[in-house]
Amino acid sequence: MQAPIGCAVIGYGPMHNFGWAHSAWIEATPELRLVAVCDCDPARTAAAKDAFPHIRTYNDVAQVWEDREIQLVSIVTPHYTHCPLALQAFDAGKHVVVEKAMCLNVAEATAMVEASQRAGRMFAVHHNRRHDGNYRRIKEIVSSGAIGEVFHIELTAGSYSEFRHGWYSEKEKSGGAFYFWGPHAVDWVLDLVPQRITGVNGFFHKLVWHNISNEDQVRAIIRFEGGAVADVTWSHIAAIGKPLWRILGTKGAILDTGAGGNVGYEKQIHGPSGGSLTLVTVGEDGRKEEKVPYLESDWEQYWQDVADHLLRGGPVPVPGTVGRRVIGVFEAAERSSRTGQTEQVPYE
């Protein structure tokens, strides 16, 4: 394969500006070229053409499959469409990046992974929030060994408010409450603790917002082979909050509110530092506490990694098999919420 690699974005909806963001990140990557944008709504392809005048626009995805200049597609559509679109893309010989959450269940995830393998095409999940400035700093600190062995992670977000995000509020289309912010959270945890999952306990509540089908609060407690435990919660009925991150290690800890961690996400290609976290280390000289600034958010690096894989054989940024583990945690948590027992995650 030679540069530039022709790319198309499928889905240019107005929600969170995702379609524009994917298009802009592709355009900012020298070895990638935005060839086309496809959306079933002509008003949205008109908006894409205004933003990127040189592109072709399609209102039927079949036109994307037929376009030989398009070698890679980025799927930025509702969750319930990801699997069928990805399967069509692989059948058409395209490489695929799919927005998180990658799909609705493990069965769909497996079908996508196996289709990519049969087609011999790249399959990557767009977990690019690994490039948020606060997470990049957390990963750097943990990887350096500064807080020793991580044994406990709490990751919490939400508020007390009705969920107003269109199809995201419909469980049948979105997958449920965990599938909104949860893909970021669980992917971060699995990236920080690269060990086999030994079990998941889930706690789902439906108590207040009965006009929508998603849960009001979801929680997953994930246990790993080495003994580490992660507690991930997303809530729309939390009348009082908690810090975003609380990470305990054998030689220290990290506390982070998350404020400023993704400044400008979906509105610009690269984000400023935006904030700081609290790092505690414990050593021979006692306990030391310091503020450590976030790194910048280099979201565009995800797309450079895509180019590096396709052109030079570098690793796939978040392959489909990794994205499948995230979906597996969601499924196990929901099963556990019904059975009251620890549930297993397949594909470890």
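The values are calculated or read from the model by the stated rules, or taken from the named source; none is laboratory data. Since the structure is predicted, the reported quantities are computational estimates derived from the model, not experimental observations. We place every Cβ from the backbone using ideal geometry, glycine too, and count neighbours over all the protein chains shown. Protein only, heavy atoms only, side chains kept; ligands, DNA and RNA dropped before computing areas. Shrake-Rupley method; radii C 1.70, N 1.55, O 1.52, S 1.80 Å.
Considering only segment 94-131, how many residues are open to solvent by 20 Å² or more (accessible area, probe 1.4 Å) and within 13 Å of C83 (Cα to Cα)? Residues meeting the conditions: 6.
Select from segment 214-232 the residues that are among the charged types (D, E, K, R) and more than 14 Å from F180 (Cα to Cα) and list them in ascending order. Spell out the reasoning first.
Let us first name the residues in segment 214-232 that are among the charged types (D, E, K, R), namely 215-216, 219, 223, 225, 231.
Listed by number, the residues that qualify are R223, E225, D231.
Screening L72 with (1) open to solvent by less than 30 Å² (accessible area, probe 1.4 Å); (2) farther than 25 Å from L310 by Cβ; (3) of a type in the set (A, V, I, L, M) gives one miss only, at (2). Within the set M15, M112, M102, the sole residue that is within 26 Å of R324 (Cβ to Cβ) and modelled with pLDDT under 95 turns out to be M15. The one condition from (1) of a type in the set (D, E); (2) in a helix (DSSP H, G or I); (3) over 25 Å from V218 (Cα atoms) that E108 does not meet is (3). What number goes with the only condition from (1) open to solvent by less than 50 Å² (accessible area, probe 1.4 Å); (2) in contact (Cβ under 8 Å) with a residue 60 or more places away in the chain that E172 does not pass? E172 satisfies all of (1) open to solvent by less than 50 Å² (accessible area, probe 1.4 Å); (2) in contact (Cβ under 8 Å) with a residue 60 or more places away in the chain except (1).
Please verify whether F163 is assigned to a loop (DSSP other than H, G, I, E, B) and open to solvent by 10 Å² or more (accessible area, probe 1.4 Å), treating the condition exactly as stated.
Values: assigned to a loop (DSSP other than H, G, I, E, B): yes; open to solvent by 10 Å² or more (accessible area, probe 1.4 Å): yes.
Here the answer is yes, as F163 does meet what is asked.
Taking segment 210-232 as the range and being open to solvent by 20 Å² or more (accessible area, probe 1.4 Å) and either within 28 Å of F151 (Cα to Cα) or within 22 Å of the chain's Cα centre (by Cα) (or both) as the test, the residues that pass are E215, Q217, R219, I221, R223, E225, G226, G227, V229, D231. Selection over segment 305-317 of residues that are under 17 Å from the mean Cα position of the chain (by Cα) and part of a helix (DSSP H, G or I) gives a count of 2.
In segment 306-348, of all residues being surrounded by fewer than 18 Cβ atoms within 10 Å (Cβ to Cβ) and among the acidic types (D, E), the one that is farthest from N201 (Cα to Cα) corresponds to D308. C103 falls short on exactly one of the conditions (1) under 23 Å from P4 (Cα atoms); (2) out of contact with any Leu (no Cβ under 9 Å at 6 or more places or on another chain), and that condition is (1).
Considering only segment 135-150, how many residues are within 14 Å of D191 (Cα to Cα) and either in contact (Cβ under 8 Å) with a residue 12 or more places away in the chain or over 22 Å from the mean Cα position of the chain (by Cα) (or both)? Before the answer, list the steps.
Start the filter on segment 135-150 by keeping residues that are within 14 Å of D191 (Cα to Cα), which leaves 135-143, 150.
Within this subset, residues satisfying the condition of being either in contact (Cβ under 8 Å) with a residue 12 or more places away in the chain or over 22 Å from the mean Cα position of the chain (by Cα) (or both) are 135-142, 150.
So the count comes out to 9.
Residues considered: G274, G202. Of these, the only one that is surrounded by 19 or more Cβ atoms within 10 Å (Cβ to Cβ) and part of a loop (DSSP other than H, G, I, E, B) is G274.
If the condition is being aromatic (F, W, Y) and either in contact with a strand residue (DSSP E or B) (Cβ under 6 Å, 6 or more places away or on another chain) or open to solvent by 10 Å² or more (accessible area, probe 1.4 Å) (or both), then segment 180-199 contributes F180, W181.
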